[in-house]
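No value in this document is a laboratory result; all are computed from the given coordinates. These figures come from a predicted structure and were not determined experimentally. Backbone-built Cβ (ideal geometry, glycine too); neighbour counts: all protein chains shown.
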Amino acid sequence: MTVRIALIGGTGVYDPAVLSDLREEHVTTPYGDVGLKVGRLEGREVAFMARHGQGHSVPPHLVNYRANIMALKQLGVRSILATAAVGSLNLDMEPGDFVFCDQFLDFTKSRAQTFFEGGPGGVVHVDMTEPYCPELRALLGKVAVALKAAVHPIGTYAVTEGPRFESPAEIRMLRQLGADLAGMTGVPEVVLAREAEICYATVCMVTNFAAGISPHRLTHEEVLKAMQMNAAKICSLIAGTVLLIDPERKCLCHEAVRGPVAGPDNNGGRSAVVGGRAGARNLGGAVPEEER
Ligand SMILES: [Zn+2]
C-alpha cells in the first residue's frame with residue numbers, strides 16, 4: 001500500500017504512539033538519506049518522522065528539510081500534518097492552546113529554501129497565498145472542536161533561525177509585524193512541502209509566552225514539560241484528523257507548481273514557473289512514475 005499521509009513530529013513529539021505495526025524505512029533522496037517509521041492507523045498507512053531526530057539530536061537550523069520532504073514525496077505522501085512547539089506573542093493564545101497557523105513570517109538565515117536551484121531543475125517561484133492547506137486546517141479544526149480543545153483557527157507563525165530563543169526586542173518587533181507565534185522550524189518545511197505539491201498543515205502548540213512577555217527566563221525544559229502535559233491531547237487531535245483524511249484526496253496544493261495537470265497549459269496563476277516545466281518535471285523525476 002502506498003503511504004499517502006505523513007506526520008512530522010516536532011519538539012516533544014518523538015514517538016508515533018498513535019500508530020501500530022511500526023516498521024523502519026530508510027529512504028535515499030538526492031539531498032541525503034532519511035530514516036523514518038511507517039505504521040498503521042485503522043487501515044491507513046501513515047509515515048512518521050521526528051523532525052529533530054530521535055532524542056532531539058538535530059537543532060532547528062541543521063534539520064535536513066529538503067531530504068525530509070523529498071523522502072515523503074518519494075513514498076507517495078499527499079498530506080502532511082506537522083507539529084511545532086511555539087512561543088506565543090499574542091495574549092489570547094495561551095500555553096496549552098492549539099493554533100492552526102495560516103500564515104508565516106520568515107526570519108531564517110542559513111537554510112536551503114528550495115528544490116529548484118536553476119540549471120536542469122529550472123527556477124520556480126511558488127505561490128504562497130495559502131502556504132498551509134486550508135482543507136487539512138479545516139479537518140484539524142473539526143477534530144479540535146470535538147475534543148473541546150482550546151484552539152485558534154488562524155495565526156501567523158514567525159520563524160526565527162535559532163537555536164537561541166528570541167530577545168524581547170525581537171519579540172516586540174515581531175508583534176508589530178503581525179506575528180502571533182514564534183518558533184524555529186516552520187520554514188522552509190512549509191515552503192518545500194508546497195514545492196513538492198504536498199498538502200501541509202502545522203499544529204502549533206503554545207508552550208510558553210515569548211521573551212519579554214513571559215515573567216521568567218525561557219528554557220528548553222519548560223517547552224518539553226508543556227509538550228508532555230499536552231501529549232495525550234496532541235495524539236488525539238492528530239489521530240482524529242488522520243482518520244478524516246481521504247488518503248487519495250485531491251487538492252489545489254497538489255497543483256502548486258505544475259498547475260492543473262489535466263487543465264489548460266498554464267499554471268493557474270498560482271506559481272511562476274520560469275524556464276517552462278523543466279523544474280516541475282525535474283522534481284517529479286525523483287518520484288516513481290506510478291506515484292505521480
Ligand atoms: Zn491541500
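Some notes on this structure:
- Against the chain, whose longest principal axis comes from its Cα atoms, helix 231-244 is set at around 30 degrees.
- Sparsely packed loop sites in segment 45-110 (the trypsin sites (Lys or Arg not before Pro) outside DSSP H, G, I, E and B with at most 11 other Cβ atoms within 10 Å) comprise 109.
- Once the Cα atoms are used to define both axes, helix 65-75 deviates from the longest principal axis of the chain by about 50 degrees.
- Taking all pairs of distinct alpha-carbon atoms in the chain, Kirkwood radius in angstrom: 19.2
- Shape category assigned to segment 1-114 from the gyration tensor of Cα positions, a/c cut at 1.5: oblate
- Based on C-alpha pairs under 8 angstrom that are at least 6 apart in sequence, the chain has a relative contact order of 25 percent.
- Over the C-alpha atoms of segment 45-188, the Rg to Rh ratio, Rh being the Kirkwood estimate, stands at 0.96.
- Spatial separation of Cα centroids for segment 127-190 and segment 206-244, in angstrom: 13
- Between the Cα long axis of helix 186-195 and the first principal axis of the chain there is an angle of about 20°, rounded to the nearest 10.
- Taking every Cα-Cα distance in segment 29-74 and sorting them into 5 Å bins starting at zero, the pair-distance distribution P(r) comes out as 5, 20, 28, 23, 15, 7, 2, 0 percent.
- Calculated [222 nm] ellipticity per residue, helices only, for the chain: -7500 deg cm²/dmol; basis is -39500 (n - 2.57) per DSSP H run with n ≥ 4, divided by all residues, nearest 500.
- Cα pair distances of segment 136-258 binned at 5 Å [whole percent]: 2, 9, 16, 19, 20, 16, 11, 5, 2, 0
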